[in-house]
1. Just name the residue that is farthest from A:Trp146 (Cα to Cα) out of those in the stretch B:326-369 that are within 7 Å of another protein chain (Cβ to nearest Cβ) and part of a loop (DSSP other than H, G, I, E, B).
2. Residues in the stretch A:74-92 that are away from chain B (no Cβ under 14 Å) and either touching a Gly at 6+ places or on another chain (Cβ under 7 Å) or in contact (Cβ under 8 Å) with a residue 40 or more places away in the chain (or both): how many?
3. Mind counting the residues in the stretch B:345-391 that are closer than 30 Å to B:Leu85 by Cβ and either within 19 Å of the chain's Cα centre (by Cα) or surrounded by 15 or more Cβ atoms within 10 Å (Cβ to Cβ) (or both)?
4. Tell me which residues, restricted to the stretch A:46-85, are within 23 Å of A:Arg9 (Cα to Cα), in a helix (DSSP H, G or I) and over 19 Å from the mean Cα position of the chain (by Cα).
5. Among the residues of the stretch B:41-88, write down those that are among the hydrophobic types (A, V, I, L, M, F, W, C) and out of contact with any Asp or Glu (no Cβ under 6 Å at 6 or more places or on another chain).
6. Every residue in the stretch A:86-113 that is over 18 Å from A:Ser15 (Cβ atoms) and of a type in the set (Lys, Arg), please.
Amino acid sequence: MDQALANVRVLDISSSAGGAWCTRLLADLGADVILLEPPGGHPLRSEAPFDLDGRSLVAEYFLANKRAARFDFEADDCAGRLAALAKPVDVVVTSLRPSEAGRLGLSYAAFGNASLVVAHITPYGISGKRADTPGNELTVAALSGWAALNGQASSSPLRPTGHQVAFCAGTVAAGCVIAALVDRDREGGAGQEVDISELDVMVSAGSPGILRGQYTGHSTPRRESADVTAGPVPVADGYFALTISRAHFWRDAMTVLGLHDLAEDPRWETSWYRQSHKDEYSGRVGEAMLGWKKADLFEELAARRVVAGPVLTMEELRSNSHLAERHFWTEADGQDFPGAPFRMSATPWRLRSRAPEPPTTEVEAK
Amino acid sequence: MSSPLSGMRGIVLTQAWAGAYCTELLGFMGADIIQVEVRKRPDSWRGAYDAPLPEKLRGGDSVRNAWNCNYLYNSVNLNKRCVTLDLQTAEGAAIFRQMLPLADFVVENFSPRVLNNLGFAYEEMDRIRPGIILCSLSAYGHTGPWANVPGIGGTIEPTSGLSALLGYPGGHPMNSGLMYPDAVAGLNAFTAVLAAVRHRNRTGKGQYIDLSMQEANLVFAGEAALEFIRTGRQRERMGNRHPAFAPHGIFPCRGHDRWIAIACQSETEWQQLLHAFGGPISLRGELFASNSQRKANEDELESALAAITCERDRDELAEQLTGAGVIAARVFDALEIAEDQGLRERGVIGKVQHPEAGEWLQALVPWRFSRSEKPLVRAAPRLGEHSAEVFAELLGMDPGEYARLAEAGISGEGPPD
């Protein structure tokens, strides 16, 4: 079996998590990715947290499946040396803001390779008024509206966890690189530039909230409290989300919880009624849930096809029988890793190697 | 000029957010996306047939049906055509069977049993249309003990490990304000289908893509998973903080619910921040002299910063800080995003004219190609808007035959008679 990006060669000169996730996904789909690291190493290598051997876990995850070579971006003729290295490759991935690229003399034309696909992954894109403004996960979460929605009303807006912006933007960028390769096959081998703004991607990923705000005349406020209608609430051994939408979810869930009067009263079957009268039941439902362990409640509700979900920790996910049976967890170079985001029957996702050791020798074009 | 998927067609059975978002993005790539819905149970994001019209739309000249105006549906179904077809009827299934040979890919996000029950498992589709790509998005994937456990974004967030990571330091686990796992699933499915298209164009071979929302989202929590694997630690909830740098947070500004995000990732950036603030005494002490001290005294640091920012106007402060090279940004709400000039310049926000709902500012294409054509954005389709057009174009169906199908409830518009 072949992989979708077999024979695709990628030169990764990016230094951000978004760029790194794009090339990780391209590598997982079969591309040969060569990562150029500055003499100080890729910035993710110094990002906490670290494993017991002192390796950055962020680097271990984002840089896996690639080969690495050292490249001094600050030495003379950076653009010329990169153009020579990029001659035999199909794709270059960068995370430079326009002013940084300009300082190094880098441009699409400077590569001198009309079949090249160059993907730019930057916080705000390579055009527009923010193109040269520095940004990161936090500022993209702030400007895209994600922070304003996350968290509680009584506290500050909250950014998404970890590197969600990088994952989303990197995934879109990988899709766009593949699209550009599809296009190149059709268009007589002509490459092009792809401009991915992490902010644009997160705005797109939050599109329902943008239209909702205009329809209602106000933005959705952060939630007042942690009650059963607003996400996970405590159960006997952790937290549990009971996301009631359809009428039968309500009836069956209330029956399981032993709240028969709530189950049988037809007023509660309508979702708008439940939402506007939640003070009348959320306390009782929360109390009843405290008597349940999360796995037991999940099993009871799943058997009735009620949508519900226990908050699982990484320890629980590692021993989860469903994921085990689907062989989700994978292995490379004797190390366990999270597996594929999707399963492709003919061209499988594959992790071949862990993150490369920091390169020690300078790369030169052959 | 063309777009990367110009000339390709997706006949899609996607609904709600994840699947619909994936196929909207494929439409933005130039593919002809034909969304198949059924009159007796339209996409849940259209809302119920008897749902009231949103207040802002009431009395509008063009507004007729609430199910064509729902902000949820209309925000993730741009650039599609919509046909109605009841696949549970023999005749509806037969028409779908005739359409399949004209499709390059199919995307669906039913519960795993549904497509099989309708007689359209991947093997059958591949028999009808050799080389077809079928992408299934489901809560837990199509195999394994949880395959038939129902799930939505709000329950996948907890079961994928994301909820355990989201929250304030020392606080309880949370779900995101939107059903974020749907967006994650949609983005991954988009990329998976493109990879399958490349393979198909080169080999003629199609394939089946099984996307489990739980797995796609767990991959996005993967660094914390790897942390557990390598160290045995469950990562703590960190709020807005960064594992290594401080400050890294969201701070109040003058006025109600006005906030600014500020981060310093190096000593230089901290000095730039100090300079921009005019070197206030509260930030100068030994407590905050280095990143490791700032990290160790992060509660005090955040209090000291908040005491400064809460006196300042958000917009002025953001301008001042970014001008000084500090990583900072205003915290926008949905209305501010719609009005932001920078996002409009980029083309990711723009006006969309819907034939019933009217003109609104919406999120559009989140990428730019230098050569490939930028697609013209079209509003989300009304229920069954393109049935007659698509059946005529693809199958040569005459208007009389379409009228008969509509009469029988197999196709048509609006609630069943």
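The values are calculated or read from the model by the stated rules, or taken from the named source; none is laboratory data. Nothing here was measured: the structure is a model prediction, and the numbers come from that model. FYI the Cβ positions are ideal-geometry reconstructions off the backbone, even for glycines, and counts take in every protein chain you see.
1. B:Trp367
2. Looking only at that region, the number is 11.
3. Residues that pass the stated criteria total 25.
4. Passing the criteria: A:Cys78, A:Ala79, A:Gly80, A:Arg81, A:Leu82, A:Ala83, A:Ala84, A:Leu85.
5. Selection gives B:Trp45, B:Ala48, B:Ala51, B:Leu53, B:Leu57, B:Ala66, B:Trp67, B:Leu72, B:Val83, B:Leu85, B:Leu87.
6. The one that is over 18 Å from A:Ser15 (Cβ atoms) and of a type in the set (Lys, Arg): A:Lys87.
Let's see how each residue does on (1) of a type in the set (A, V, I, L, M); (2) in a helix (DSSP H, G or I):
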| position | (1), (2) |
| --- | --- |
| B:Arg371 | no, no |
| B:Arg378 | no, no |
| B:Phe391 | no, yes |
| B:Met397 | yes, no |
| B:Gly400 | no, yes |
| B:Ala406 | yes, yes |
| B:Gly409 | no, no |
| B:Gly412 | no, no |
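So that you can scan it fast, the table gives a plain yes or no per residue for (1) outside the structural domain of B:Asn188 (by TED's automatic domain parsing); (2) under 30 Å from A:Pro232 (Cβ atoms); (3) of a type in the set (A, V, I, L, M):
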residue	(1), (2), (3)
B:Gly92	no, no, no
B:Leu115	no, no, yes
B:Met125	no, no, yes
B:Pro130	no, no, no
B:Ser136	no, yes, no
B:His142	no, yes, no
B:Gly161	no, yes, no
